[in-house]
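Chemist: Handing you this structure, nothing more for now.
Readers should treat all values here as calculations from the given coordinates under stated rules, not as data from a laboratory. It should be emphasised that the depicted structure is a prediction, and the values quoted were computed from it without experimental measurement. Cβ placement follows ideal geometry from the backbone for every residue including glycine, while neighbour counts extend to all protein chains displayed.
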Amino acid sequence: MFGRQKIATLVAEFLGTGVLTLLILSVQRSTIGVPFFVATAAGLTVALMVFVLGGISGAILNPALVLALWTARKISTLTGVLFIAVEMLGAWAAYGLYTYFVNSSLQPVGGHFTGRILVAEAVGTGIFALGWAAALYQGYTRAVTASVAGLSYMLGIIAASSAAIGLLNPAAALGVRAWVWGTYVLGPVLGAIIGVNLFGLLFAEPVAAAASGAAATRSTAATRSTAKKPAKKTTRRKK
């Protein structure tokens, strides 16, 4: 049922999400756990995971982004369900590993539902999703995609951290004990769906059209240039 490639894809999502959650936990619970350092660590981790694992699974590492790609018909239903499952397991494994490191359990930090946190998580995830969608639709190289994904995730966390924890990822919310349906789950899902589909509907097609139009213009110019060149005269030597 599952070949080596499919297993590698699921393991890549599991490991990538686990590493991301572990880094967020490690910085968030440390003495430098201010939003900027959490955002920097998370952004660098996303960039590294996309660069290392992007060729295997795409390194989505985020159930909200998986759902957004599913709504944009960029991922199948079965793949989406499997990705979400292994991402959540990866985050949970990261929580278990971190608590083993510190030899202590963690108290929940999600608090209660407030509309302000919901909007903050949605806006931050929307920023991240726009960057991720730009890399997807415009076919960036893996190195550029990794840079864009990491930077947009970092900026999204900073934008959301004024009102929320700034996780932008339901799996990470599970791992850091901030699992609140109305804020740290629903907020990232809404933001990711809006960001990915907004880029796909408004920006992706004009970009593609402009690229094809530019290619057509270059082709036409080349044709005209060739047509203007005088034909070479050939002369035969008389015997």
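Chemist: By count of other Cβ within 10 Å, fewest leading, how are TYR140, TYR184 ordered? Display every interim value, and only then the final one.
Modeler: On the way: TYR140 15, TYR184 29.
With the fewest neighbours first, TYR140, TYR184 line up as TYR140, TYR184.
Chemist: Rounded to the nearest 500 deg cm²/dmol, what is the calculated helix-only ellipticity per residue at 222 nm for the chain, with -39500 (n - 2.57) per DSSP H run of length n ≥ 4? The partial results should precede the final answer.
Modeler: Numbers: 9 runs with 168 residues, N = 239.
Using -39500 (n - 2.57) per qualifying helix, the result is -24000 deg cm²/dmol.
Chemist: Take the alpha-carbon centre of the range 33-73, take the same for the range 1-30, and report the distance between them in whole Å.
Modeler: Their Cα centres are 10 Å away from one another.
Chemist: May I ask for the net charge around GLY195, where only other residues with Cβ less than 15 Å from the Cβ of GLY195 are counted and Lys, Arg are +1 while Asp, Glu are -1? The partial results should precede the final answer.
Modeler: Details: positive: LYS74; negative: GLU121.
Once positives and negatives cancel, what remains is 0.
Chemist: Mind checking the dipole of the range 4-213: about its Cα centre, +1 per Lys or Arg Cβ, -1 per Asp or Glu Cβ, Debye to the nearest 20?
Modeler: On the way: 8 positive and 4 negative charges, 38 e Å.
Once rounded to the nearest 20, the dipole reads 180 debye.
Chemist: Mind checking which of ILE165, ALA68, GLY54 is farthest towards the positive end of the chain's charge dipole, using Cβ charges of +1 (Lys, Arg) and -1 (Asp, Glu) about the Cα centre?
Modeler: Working it through, the farthest residue towards the positive pole turns out to be GLY54.
Chemist: Among LEU97, GLY115, GLY43, pick out the residue whose Cα is farthest towards the positive end of the charge dipole of the chain, where Lys and Arg carry +1 and Asp and Glu carry -1 on C-beta, about the Cα centre.
Modeler: In the chain, that residue is GLY43.
Chemist: With each pseudo-label sitting 7 Å past Cα toward Cβ, what's the ILE7-LEU201 distance in nm, one decimal?
Modeler: Result: 4.2 nm between the two label points.
Chemist: Of the listed values (1) 11.5; (2) 12.2; (3) 20.4, identify the label whose number matches mean projected area of the Cα convex hull in nm² calculated from this model.
Modeler: (3)
Chemist: Just to confirm a number: summing +1 for Lys and Arg and -1 for Asp and Glu over residues other than VAL11 whose beta-carbon lies under 13 angstrom from that of VAL11, what do you get?
Modeler: On the way: positive: ARG4, LYS6; negative: GLU13, GLU87.
Computed value for this residue: 0.
Chemist: Apply the Karplus parameterisation 6.51 cos²θ - 1.76 cosθ + 1.60, with θ equal to phi minus 60°, to every residue of the range 135-151 and state each ³J(HN,Hα) to the nearest whole Hz, in sequence, with x for glycine and proline.
Modeler: 5, 5, 6, 9, x, 5, 5, 5, 5, 5, 4, 4, 5, 5, 4, x, 5
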